[in-house]
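Taking it in order: structure first as structure tokens, then the write-up.
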Amino acid sequence: MRDYISFTSKRIIAVNVQGLTGKKKDFTSLPYAKIQAFSVETAGSFDLDAELELWFSGLGKVKIELKGKTDVAYPNKLVAHFVL
């Protein structure tokens with residue numbers, strides 16, 4: 001629950017908070033220019049989490065889980081705007 005993702009105008013920044021105190025953080029920068037394909041899976045009746053999958057050149061597939069009642073249309077439109 002402490003991890004988060006930030007969508008900027010040039011890249012996606014994923015922050016992975018580690019440890020009990022949360023002082024250690026792992027920052028991953030994923031530039032839109034390197035995205036080759038993407039897909040969005042919406043939440044269902046039993047699986048309440050949505051997923052955003054991104055394929056990067058030189059990196060492979062990155063799966064981002066969107067918890068709870070996240071509006072998946074917004075990240076989908078945002079990625080489509082910067083990639084297409």
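Read the figures in this text as sums done on the coordinates, not as results from a lab. Everything quoted here is computed from the prediction, not taken from an experiment. Ideal geometry is used to build each Cβ from the backbone, glycine not excepted, and the neighbour counts take in all protein chains shown.
At-a-glance table
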{"item": "Cross-link partners of K25 among aspartates and glutamates (Cα-Cα below 19 Å; sequence separation of 8 or more within a chain)", "result": "D3, E65"}
{"item": "Footprinting exposure proxy for V40, V83 (fewest neighbouring C-beta atoms within 10 Å first)", "result": "V83, V40"}
{"item": "Cα gyration tensor of segment 4-83 - equivalent ellipsoid semi-axes, whole Å, descending", "result": "20, 19, 11"}
{"item": "Cα-projected label distance for Y74 with D26, points at 7 Å along beta-carbon direction, nm", "result": "2.6"}
{"item": "Extreme residue, positive dipole direction of the chain, given options T70, Y4, A50 (C-beta unit charges)", "result": "Y4"}
{"item": "Spin-label pair K34/N16, simplified geometry with 7 Å Cα→Cβ offset, distance in nm", "result": "1.5"}
{"item": "Trypsin sites (Lys or Arg not before Pro) restricted to DSSP loop in the chain with at most 11 other C-beta within 10 Å", "result": "R2, K10, K23, K67, K69"}
{"item": "Computed magnitude of the charge dipole of the chain (debye, nearest 20; Cβ of K, R +1, Cβ of D, E -1)", "result": "460"}
